[in-house]
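Right, one structure below, let's go through it.
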Amino acid sequence: MGKARRLIVLALKKRALLSILATTVAIIGSISAVLGIVDVHFGLLGTSALAFVAFILSGTFHFRNLGIPQVAVDDVIGPAEQSTSYILHCPCDIKLATEASELAEECYSGSITIEAATFEQFRVKNPLILSCLTDLQGQFMGYFDVIPLRETFGESLLQGRVTESQITHEDVLSPAEMKACKYVFVSGIAAKQPESYLGRRSASVLVWALLKYLDRYYGRSSALVFALAATEEGDKLLQRFKLQLAPGTLARRDRYRLYSLSLSHDEIIRRLACVPNWEQLCDLPWGGNAGKQRKIGRRRPALPEAKALSLA
C-alpha cells in the first residue's frame, strides 16, 4: 500500500516525472552510442524493450527521493540562526541591484521581461523603482520593482499592443514626476529560496512592504496599478488580492493575464489588513519605524486583521 501511494504521488508530481524521463533518455542515448560503436542494431521490439528497461532503471534511481515526508521540518521549527528583523532598501546600492537582477533571471527565465542592462538604465533615472530586502547583517532576501510609466506607454501596455520588454528609459517617470503618475506597473516580486522557512517569511515581508510602498508613493494619486501574471505563483497572488482581470489575454502580444486596481489609500489599507503586520520587524526607508525592531526585538509579526476572501 505504501509503495502504491508513492507511485501515485510520482504520477502527480510533474517535476519528478520529467526527471525520470530525462534520465531515461540519457540511459537510452548512452546505450545507443555504445551499440552504434559495435555496429549492433535492434528492431522495433528490441528498441521498445530497451526503452522499457531504461524507464524502470530510471524510476528505481529516483524512487528513493519520492518518499512522503512525515513532517515539514521548516514549518515546525525554523533554522537555528534565522533572521528575525529586516531592512528594506529603497533606493538600493549596485550590489543589491545585481543580486536582485540575478534572482529575477532565476525566477522569470523563459518569460517576457526587462533585460538587466535596460533595467539599470531605468534605475539610474529613477532609483526608487527597485526595493531590496535584507536582514540586519545585509544578506539579500528578495526584491520588488515598481515602475511609474508615461501615459502613452502605460495605455499601450494595458491594451496589449506592446510588451514589458519594450519599455525604454523615456517611458519611465523620474521621482519628481511620480506624483502625477497615472499608470504604475508592478514588474516583479521575488524572495530567495521561496520554499524554505526563511523564504516564505521573506515573501510575506515583501508583500507587506510592497503595499506600504504603494501607499507611500501612490496612495493618494488615484493611479491605476497593474501587473502581468508571468508565472503561476504571480497569477495566484494577484487573484488572492482581488485585482481585476483584464479581458483579451489571447489578443495580447505577451499572452499574459493582466490584473489591475485603481489605487487609493483605502484600497491599500484593506489589503494590508489581510497580511501580517511586519512594522516592528522591518525598517522602511520612510516613515517613523526606523530602528524600532532593534529595540523591541520581536520574533513574530502582528497577525492579519482580515481574510483575503473578504475583499470584494
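Taken together, the values in this text are just the output of simple stated rules run on the coordinates, not laboratory data. Note that the coordinates shown come from a computational prediction; the quantities given were computed from them, not determined experimentally. Note that we place each Cβ from the backbone using ideal geometry, even for glycine, and neighbour counts take in every protein chain shown.
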Problem - Gain upon complete extension [Q193, T168; 0.36 nm per residue less C-alpha separation] - result: 5.9 nm
Exercise for the section: Kindly rank 275-285, 237-247 from highest to lowest mean number of other beta carbons found within 10 Å of each residue. Expected result: 275-285, 237-247
Handout entry: Packing-based ranking, highest mean first, of 230-236, 141-147 given that Cβ atoms within 10 Å are counted
Key = 141-147, 230-236
